[in-house]
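Please treat every number below as a calculation from the coordinates, not as lab data. Only a predicted model underlies this, so the values are computations on that prediction, with no experimental measurement involved. Heads up, the Cβs are rebuilt from the backbone with ideal geometry, glycines too, and the neighbour counts pull from every protein chain shown.
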């Protein structure tokens, strides 16, 4: 059955910068359950998308725990104000999910991607683990830029050996994660900061979007749509193009 979940209406922050945001998640046409979760909290200035890892049990719980821990651990304007602090917080979320894993998932535990943003005084800090996406639409340049890097076997082999490494690569390498939250492995959280101006849009999305919708189409829609309409149209296009995965999109709009 085709169903949609987790819808948040857009809001705005009158101070700091005019900011609105909207998030939505859809199960698609093939999967029986939605293992994506997202967070939109304009009050705290935090936003996230998480995608439960395929092949492990209780992906929906893993992703939900990730965004709920993020929401719980950021309580005041003084919390998590640098990229390093956000990375440490995501590592704490990782440890918390590891502890929960055997209780619900047995010896294999549970796992999820996580892409999170913290908005502070006109700048964005981000932390990222896995193959969800953080994208920025630059309104002046009319171009879509990828902020995050995919932590997949394919992406890491291409980074190491160059684009020719993709020629004979098995398809499943594109979906084989080298980092995720919840599995007892050591890794560094990717992070950094970036600025954005009025007219720009920030997107957080599960890989269900980028696997189904071409970046050029995403960029064109960013240029012409408000936040809520954009999120709904992107998910509609992902479904029209096959809807083989859950698709989740959070849009932050600077107006």
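Order these peptides, 33-44, 117-128, 211-222, by their mean beta-carbon neighbour count within 10 angstrom, highest first. Don't skip to the end; give the middle numbers.
Numbers: 33-44: 21.8, 117-128: 20.3, 211-222: 17.3.
The peptides rank, most packed first, as 33-44, 117-128, 211-222.
Mean separation of Cα pairs under 8 Å and 6+ residues apart, divided by the residue count of the range 82-129: what relative contact order is that in percent? Mind dumping the intermediate values first?
Numbers: 44 pairs, mean separation 16.3, N = 48.
Normalised by residue count, the contact order of the range 82-129 is 34 percent.
Under the 0.36 nm per residue contour assumption, what length would be gained going from the current alpha-carbon distance of residue 165 and residue 71 to full extension?
Working: separation 94, 0.36 × 94 = 33.84 nm, distance 3.93 nm.
Using 0.36 nm per residue and subtracting the Cα-Cα distance, I get 29.9 nm.
Defining a contact as two alpha carbons under 8 Å apart and six or more residues distant in sequence, what relative contact order in percent does the chain show? Each step should come with its number before you reach the end.
Numbers: 600 pairs, mean separation 64.6, N = 255.
Here the relative contact order equals 25 percent.
In nm, to one decimal, how far is the modelled label at residue 157 from the one at residue 29, with both set 7 Å along Cα→Cβ?
Modelled inter-label distance: 3.0 nm.
Ranked from highest to lowest mean number of other Cβ atoms within 10 Å per residue, what is the order of the peptides 133-146, 87-100, 185-198? Don't jump to the answer; show the numbers that get you there.
Numbers: 133-146: 17.1, 87-100: 18.7, 185-198: 14.2.
By packing density, highest mean first, the sequence is 87-100, 133-146, 185-198.
With just the Cα atoms defining each centre, how far is the range 33-68 from the range 71-87? Give it in Å.
18 Å
How are the C-alpha pair distances of the range 37-133 spread across 10 Å bins, as whole percents from the shortest bin up?
For the range 37-133, the binned pair fractions read 17, 51, 25, 6, 0 percent.
Quickly work out the residue 226-to-residue 146 label distance, labels modelled 7 Å from Cα along the C-beta direction, and quote it in nm with one decimal.
Spacing of the two 7 Å Cα→Cβ label points: 3.1 nm.
Based on the alpha-carbon set only, what is the convex hull volume of the range 20-78 divided per residue, in Å³? Present the calculation step by step, with values, prior to reporting the outcome.
Numbers: hull volume 4.3 nm³, N = 59.
Taking only Cα atoms, the range 20-78 has a hull volume of 73 Å³ per residue.
Over the range 94-167, what is the mean sequence separation of C-alpha contacts under 8 Å (at least six apart), divided by residue count, expressed as relative contact order in percent?
Values: 82 pairs, mean separation 12.3, N = 74.
This gives 17 percent for the range 94-167.
Whole angstrom only: what separates the Cα centroid of the range 109-178 from the Cα centroid of the range 212-252?
17 Å
Students often get this wrong, so try it: which of [x] 48, 42, 40; [y] 54, 42, 42; [z] 55, 43, 30 is Cα extents along the principal axes in Å as calculated from the structure shown?
Of the labelled values, this structure produces [x].
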